[in-house]
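In what follows, a single structure is set out as structure tokens and then discussed.
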Amino acid sequence: MLGNFTYSNPTTLHFGADSLNQLAHELQQYGQNILLVYGGGSIKDNGIYDAVMSILTAQHKTVIEDAGVMPNPTVEKLHEGCALIVTHHIDFILAIGGGSVIDYAKALSVSAHCTSDPWQKYFIEMAPVDNFIIPVGCILTMVGTGSEMNGGSVITNTQTKQKIGRIFDSAVFPKFAILNPTYTFTIPHTQMVAGFFDIMSHILEQYFSGHDDTTSDYIMEGLLRSLIHSSEQALRNPNDYEARSNIMWTATWALNTLVAKGKSSDWMVHMIGQAIGGHTNATHGMTLSAVSIPYYTFILPNGLAKFKRFAINVWQVSPDGKDDLTIAQEGLIAMTAWMNRLGLTMNIREFGVTRDMIPAIAEHVFLLDGGYKHLTKADVIAILNESF
Ligand code: NZQ
Ligand code: ZN
């Protein structure tokens, strides 16, 4: 474990089929006026809304609703939510949903009391948060992003076609997260598998970095094996509690800062995926699946030893009688087969991307330094062309 680090995570997790029972106790610690944030209405269809409202009513909370948070939440929506918070003197934000709803709640928490334009200050300039932060709690309904236990918040500016993720510090992490695996049974198939790939991608972004021996890599191999195993079970039976609960727990640990310890981390798949999202509004996990195999094929020679280890330890590729390159490539072949079994999107054409859009998308890709190869814009264009 190279470098120096501090580990602490302020989010309290309540996990299991009865975890909503913990909500009343959690809410006692916060003020009277609650902003209830949710998406397009799935929580009304599956009963989660009614269950939460009865708890809020029993607590005599004043509830203001901020519904209609869209997948890939926008700057325009953020401004609407900020206005609600100021008008109703909101003390606490309760988010019910997936990454979009929780990310939006975190963006609101830092933006509502910001005296200048929050998009410019916190997402373009990445300035430190120097205003009051409204506390956030969440009830997770869609698994994948890890937003329930991290400081990530991804917001889209539809005018400039920029989708930007900000990693806020621990003051912005949810104070608590309620994780009931049965809530995930109603997720549509496409969203479910996109979430599975998002989990894999989060782990790989951290795994494919560094050349030293770290405990974090062994933890990640365990998480990946659990994800692959349980995803196959969930494909056969989406209501398999054991599989869905394992996946929910894996998703949280894939991106709650633990496995990043001692790692430089890559994140180029996400940078490319986000740029595609900014131009197409495609589902996050699918933007990652569409570019991952071309990206990993591109950088494989620079991280050969790790790709070989990935093939053997995660995909159980037999190394007998094979050279390192063959073993590493067989790992990516096994990963591709798993992705195809899930039914993931494997090219960017399906989002409506055309060849002539590729340079503009590449222009919006942030180039990061933590992985095995430092990409140029020309490399990004080559990878996008391979993903076409
Ligand atoms: O809006 P409703 O009606 O609730 O429907 C949602 C939405 O259409 C539906 N859904 C969620 N739970 C459901 C359900 N439908 C039926 N039953 C349920 N139990 O699923 C759809 C997608 O939801 P969304 O929240 O958009 O999905 P996800 O959790 O994948 O979040 C994606 C957003 O998170 C960002 C992405 O960029 C994207 O904007 N990310 C956030 C990260 C973070 N905070 O650390 C990291 C990730 O890499 C990612 O970038
Ligand atoms: Zn992701």
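So how much slack lies between Ala51 and Ser116, counting 0.36 nm per residue of separation and subtracting their Cα-Cα distance, in nm?
On the way: separation 65, 0.36 × 65 = 23.40 nm, distance 3.74 nm.
19.7 nm is the gain from fully extending Ala51 to Ser116.
Between Glu65 and Asp18, the FRET efficiency from the beta-carbon distance, with R0 = 25 Å, is close to 0.45. Of the DSSP H helices in the chain, those that are both long (alpha-carbon extent of 20 Å or more along the helix axis) and hydrophobic (Kyte-Doolittle mean at least 0.5) are 284-299.
Let me make sure I get this right: for the stretch 120-193, a, b and c are the square roots of the gyration tensor eigenvalues over alpha carbons, sorted descending. Under 1.5 in a/c it's rounded, otherwise prolate if a/b > b/c, else oblate. Which is it?
Working: a/c = 3.23, a/b = 1.42, b/c = 2.27.
Cα axes put the stretch 120-193 in the oblate bin.
Simple spin-label estimate for Ile333 and Thr158 gives 4.5 nm between the two label positions (7 Å along the Cα-to-Cβ direction from each Cα). If the segment from Lys377 to Gln316 were pulled out straight at 0.36 nm per residue, it would be longer than the present Cα-Cα gap by 18.5 nm.
Here the Kirkwood formula, the inverse mean of 1/r across different C-alpha pairs, assigns the chain a hydrodynamic radius of 21.4 Å. Computed in the context of the full set of protein chains, the accessible area of the chain at 1.4 Å probe radius has 54% of its extent on carbon or sulfur. Taking a ≥ b ≥ c as the square roots of the Cα gyration tensor eigenvalues, with a/c under 1.5 meaning rounded and otherwise prolate when a/b beats b/c, else oblate, which class fits the stretch 12-183? Verdict is prolate for the stretch 12-183. In the context of the full set of protein chains, the stretch 189-386 has a per residue accessible area of 38 Å² (1.4 Å probe).
What full-extension length gain, to one decimal in nm, is calculated for His25 and Leu367 as 0.36 nm per residue of separation minus the Cα-Cα distance? Can you show the working numbers first?
Details: separation 342, 0.36 × 342 = 123.12 nm, distance 4.39 nm.
That pair, His25 and Leu367, stretches by 118.7 nm at full extension.
Extending 7 Å from the Cα toward the beta-carbon at both Met1 and Thr190 defines two label points whose distance is 4.2 nm.
Assuming R0 = 30 Å, what is the FRET efficiency of Asp324 and Asp212, from their Cβ-Cβ distance, to the nearest 0.05? With R0 = 30 Å, the Cβ-Cβ based efficiency is 0.95. Only DSSP H runs of four or more residues enter the estimate; each adds -39500 (n - 2.57), and after division by the residues of the chain the mean residue ellipticity at 222 nm equals -14000 deg cm²/dmol. A straight Cα-to-Cα reach below 19 Å connects Lys106 with the lysines Lys77, Lys121, Lys163, Lys175, residues fewer than 8 places away in its own chain not being considered.
What does the highest-first list of 361-373, 314-326, 101-113 look like by mean Cβ count within 10 Å? All intermediate terms of the calculation are to be shown ahead of the outcome.
Working: 361-373: 17.4, 314-326: 13.4, 101-113: 26.2.
Ranking, from highest mean packing down: 101-113, 361-373, 314-326.
The values are calculated or read from the model by the stated rules, or taken from the named source; none is laboratory data. Keep in mind the model is a prediction, meaning the values are calculated, not measured. Using ideal geometry, Cβ is built from the backbone for each residue, glycine included, and neighbour counts are taken over all protein chains shown. The protein model used for the area step is the full one, side chains on, heavy atoms only, and it has no ligands, DNA or RNA in it. Shrake-Rupley method; radii C 1.70, N 1.55, O 1.52, S 1.80 Å.
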